[in-house]
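Throughout, read-outs are computed from the coordinates displayed, never taken from laboratory work. Quantities reported herein were computed from a predicted structural model and do not represent experimental measurements. Reconstructed Cβ throughout: ideal geometry from the backbone, glycine too, with neighbour counts over all protein chains shown.
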Amino acid sequence: MRSSIRTYAAVMIELPPWAKVSEWRREHIARVTTMLDDWARVLAIPPDEARAWHDAGKWHDVLRDADPDELATLMNNGALPPPLWHGPAAAERLRRDGERRRSVLEAIAWHTVGHPDWDRVGRALYMADYLDPGRDFAREERAHLAAAVPTNFEGTFWDVVRHRLIWALRQGHALHPQTVAMWNTHR
């Protein structure tokens with residue numbers, strides 16, 4: 001499953017015309033979406049769910065580089081700090097544009113903090129976003145985790161959650177209550 005960054009970045013992903021993303025972010029979206037597509041194929045995910053994985057990957061960061069004032073007009077959740085608004089704002093914009101798949105919208109809305117009620121769409125996106133091979137930290141460890149997804153989806157998900165929790169605590173970040181609630185469903 002270990003693919004080069006060039007392979008993941010070479011895939012062009014068509015984004016909505018209202019997307020606000022830098023070139024690096026566009027490449028990140030392409031790598032995440034390609035990783036999700038690869039996992040779905042290897043895991044033989046049913047076509048409708050595989051499409052949901054693809055769309056969640058394609059849309060998860062479409063407003064990542066938008067102005068906070070623009071994001072604020074789409075927000076209905078005051079519990080998140082502004083750096084995390086892009087997920088809920090993108091989900092709301094997609095909902096307004098007609099997207100109705102709850103699992104896709106929840107995956108996008110909560111991909112930065114997690115959600116205790118996620119199905120595989122949210123879990124897959126959470127992992128792919130963190131395991132993007134274009135990110136500069138812990139490359140070898142994250143590549144190992146990405147390779148494990150097709151043989152141990154659930155176990156790898158919880159490993160990724162644990163890694164993200166440890167990283168947040170080491171950085172001195174407060175844990176979002178929803179992240180803690182998600183972790184507590186595993187205990």
State the label only: which of [x] -0.53, -0.63, -1.15, -1.47; [y] -0.65, -0.75, -1.12, -1.28; [z] -0.77, -0.85, -1.15, -1.29 corresponds to log10 I(q)/I(0) by the Debye sum over Cα atoms at q = 0.12, 0.13, 0.17, 0.19 Å⁻¹ computed from the shown model?
[x]
Segment ARG96-GLN171, extension gain: residue separation times 0.36 nm, minus the distance between their alpha carbons
23.4 nm
Ranking of GLU154, GLU92 by count of other Cβ atoms within 10 Å, fewest first:
GLU154, GLU92
Could you work out how much longer the chain between GLU70 and PHE137 gets when fully extended? Use 0.36 nm per residue separation minus the Cα distance between them, nm to one decimal.
21.1 nm
Which of the peptides 40-52, 21-33 is most tightly packed, and how do the rest follow, going by the mean number of other Cβ atoms within 10 Å of each residue?
21-33, 40-52
Lys/Arg +1, Asp/Glu -1 at C-beta; region 5-184 dipole; positive extreme among ALA30, TRP53, LEU165
LEU165
What ranking do GLU140, GLU106 get, fewest neighbouring Cβ atoms within 10 angstrom at the top?
GLU140, GLU106
Virtual paramagnetic centre 7 Å along Cα→Cβ of TRP24, amide N under 17 Å, in region 72-105:
83-84
Over the chain, what relative contact order in percent results from Cα pairs under 8 Å that are six or more residues apart?
20
Under 10 Å, Cα contacts only: if you run a Gaussian network model on the chain, which one of ARG170, ARG95, ARG64 comes out with the highest mean-square fluctuation?
ARG170
Taking 0.36 nm per residue of sequence separation and subtracting the Cα-Cα distance, how much length would be gained by fully extending the chain between HIS163 and ARG51, in nm to one decimal?
37.6 nm
Helix-derived mean residue ellipticity, 222 nm - over the chain, DSSP H n ≥ 4, -39500 (n - 2.57), to 500:
-18000 deg cm²/dmol
